[in-house]
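Input: a single structure, listed below in structure tokens.
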Amino acid sequence: MENPFVKLFRSKINTAVSLLILLLFTGIVGFKLMSNYSWLDAVYMTVITVTTVGFGEVQPLDTHAKIFTVFLILTSVFIVGYAFKIITEYLISKNDISELKYKKMQKEIDSLSNHIVICGFGRNGKQSAKKLLMHNRSFVVIESDKELIEKHQKDGILFVWGDAKEDEALNLAGLNRAECLISALPNDSDNVFVVLSARQMNTQMRIISRASKESSYSKLKLAGANNVILPDIIGGDHMASLVVVPDLLEFVDNLSIVGEGGINIEEIAVEQLYDTSSVKTIQDLQLRKNTGCSVIGYKTHTGQYVVNPEASQNLVPNSKVIVLGRPEQIQKLNLTYNINIK
């Protein structure tokens, strides 16, 4: 929705421009009819009269033409003054409104915690933001292109205008309170610098970075990235898999991790699934019986993954279970265990 202040000023500018056009039209026609000037001379006389530059007449004016000229000068003083005032106010207020928007946005950012910081709003950054929006996760984007920010502000995305390589921009994005950072800059060396700075500023958060070259993988890991994604390799592998195992990959693609139509896969901390000591194993949870969901994976407290775990798998604190089900079954899981799925 258009800002009401901008709308008001735009209406005033339209009025001012209309009055100026009417004034020029009146002057040109008046000089043409009263003094029998040519159209060019009538335009010339109108312009020097309205702008009050003080040049002489093309030819002497009679009494009626002089009265008309006086009227035109007095009218132009008010109309031109009004137009100049409105345009000046609009330019100043536009900057003020833009500044107010950034201040309001910064205030929202300052209230966030455990959010995600995205560095760069290119193809990978936009895709990350889209997924996080669909999953109702709080995030902040650091972007240096002001036009790009203004274009996407209406999407409800919080932006920090600045260079992600600068500590000031990272601080404005609340990096010290963030849960995760996604570095999606197009240049690998910039991503290395961002990861290195971010890891120094927040030693606990998770850092995910993109890389264009395989040689950058080790550098990003050494700088402090927990995960390094190579989009070109993933894309090539995906295309080859469509040739080798097309049906299997199509099935996997149809599993929705996030989306408007519901999700099929979810990871849940075991502490969210039970409160009593009576539950010791996956079988004790009885997720299949209670919700219809199946446990397809288990992440231990040390970070190791167990695919298709046995029913006798022991559950320990700080571990997670990965469940699969239809969207309605995942929703039932959420309601049954009062889980706030992000």
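See the values below:
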| read-out | value |
| --- | --- |
| Net lengthening on full extension, LEU74/VAL244 (0.36 nm per residue, minus Cα-Cα) | 52.9 nm |
| Computed E for SER215/ARG326 - FRET, C-beta separation, R0 45 angstrom, nearest 0.05 | 0.55 |
| Amide H within-cut-off set for THR281, under 5 Å, with H built and near neighbours excluded | LEU315 |
| Local electrostatic count, MET205, Cβ distance below 13 Å [Lys/Arg +1, Asp/Glu -1] | +2 |
| Per residue Cα convex hull volume in Å³ - calculated over region 112-235 | 95 Å³ |
| Helix 63-110 vs. the chain, principal-axis angle (Cα, 0 to 90°, nearest 10) | 10 degrees |
| Label point 7 Å beyond Cα of ASN176 along Cβ direction - residues of region 109-150 with amide nitrogen under 15 Å | 110-114 |
| Degrees between helix 188-201 axis and first principal axis of the chain (Cα, 0 to 90, nearest 10) | 70 degrees |
| Local net charge near VAL70, Cβ-Cβ under 15 Å (Lys/Arg +1, Asp/Glu -1) | -1 |
| Rounded to 5, percent antiparallel among DSSP beta bridges of the chain | 40 percent |
| Principal axis box of region 27-80, alpha-carbon based, largest edge first, Å | 27, 20, 18 |
| Under-5 Å amide H pairs with PHE159, H placed in peptide plane, nonlocal only | VAL141 |
| P(r) weight above 39 Å for the chain, C-alpha pairs, percent | 44 percent |
| Computed label-point distance, nm, for sites GLU168 and ASP155 using a 7 Å Cα→Cβ extension | 2.6 nm |
| J(HN,Hα) series, region 314-328, from Karplus relation 6.51 cos²θ - 1.76 cosθ + 1.60, nearest Hz, glycine and proline x | 6, 9, 10, x, 6, 9, 9, 10, 10, 10, 10, x, 6, x, 5 |
| Inter-centroid distance (Cα atoms) of region 39-74 relative to region 207-231, Å | 73 Å |
| Descending semi-axes in Å of region 265-336, equivalent ellipsoid built from Cα gyration tensor | 18, 14, 11 |
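Since every read-out is calculated from the coordinates, none of them should be taken as a lab result. Keep in mind that what you see is a predicted model, and the values were worked out from it rather than measured. Glycine gets a Cβ as well: all are built from the backbone with ideal geometry, and neighbour counts include every protein chain shown.
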